[in-house]
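The structure is given below, and queries will be raised subsequently.
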Amino acid sequence: MKHFWIPLVMLSGLLLGCASQSSLKEPITPYQLTEANIIAVETAVRKPLKDPNSAQFQNLQSTRQGASVMVCGSVNAKNSYGGYTGFRPFWVKLNPELNYATLMNWVVDDQNFMAPVILRSQCRSAGMLIE
């Protein structure tokens with residue numbers, strides 16, 4: 001019984017360590033995309049599409065947290081049958097200094113009804129709302 005305080009001290013140190021890590025997070029701020037940034041984002045989103053030239057974009061939004069810029073939006077493009085799929089959400093990680101974007105996630109089809117919910121949640125956690 002005399003050593004019961006050792007786990008208590010270890011647990012409190014662990015909790016303090018977690019608290020200090022979360023307080024080090026940088027704030028999320030709005031980020032204004034440049035024309036070159038938009039081209040980089042659209043290029044990244046077009047890569048996996050069946051008909052990249054048919055892509056239509058809407059609702060591009062972006063935020064910055066530290067050096068990371070996250071871009072969310074919706075894309076509508078033609079599928080293998082030549083019909084448009086309807087606007088589907090996506091999110092991209094952008095390096096604004098290099099104008100290089102990486103597609104992180106997008107909703108390919110309607111097979112997984114949770115995919116749009118998860119993706120919109122990712123965007124919302126970065127301060128953006130997409131339809």
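No value in this document is a laboratory result; all are computed from the given coordinates. All values derive from a computational prediction rather than experimental measurement. A quick note on method: Cβ atoms are made from the backbone with ideal geometry, for glycine too, and the neighbour counts reach across all protein chains shown.
Roughly how many nanometres apart are two label points built 7 Å out from the Cα toward the Cβ at Ser80 and Met104?
Inter-label distance under the simple model: 3.0 nm.
Positive end of the dipole of the range 26-125, charges at C-beta (+1 Lys, Arg; -1 Asp, Glu), about the Cα centre: which of Phe57, Leu94, Ile28 has its Cα farthest in that direction?
Phe57
Further, regarding this structure: For the range 26-125, max minus min Cα coordinate along each principal axis, in Å, sorted largest first?
For the range 26-125, the Cα extents along the three principal axes come out at 43, 28, 17 Å.
Using 0.36 nm times the number of residues separating Ile118 and Thr29, minus their current alpha carbon distance, what extension gain do you get?
On the way: separation 89, 0.36 × 89 = 32.04 nm, distance 2.16 nm.
That works out to 29.9 nm of additional length.
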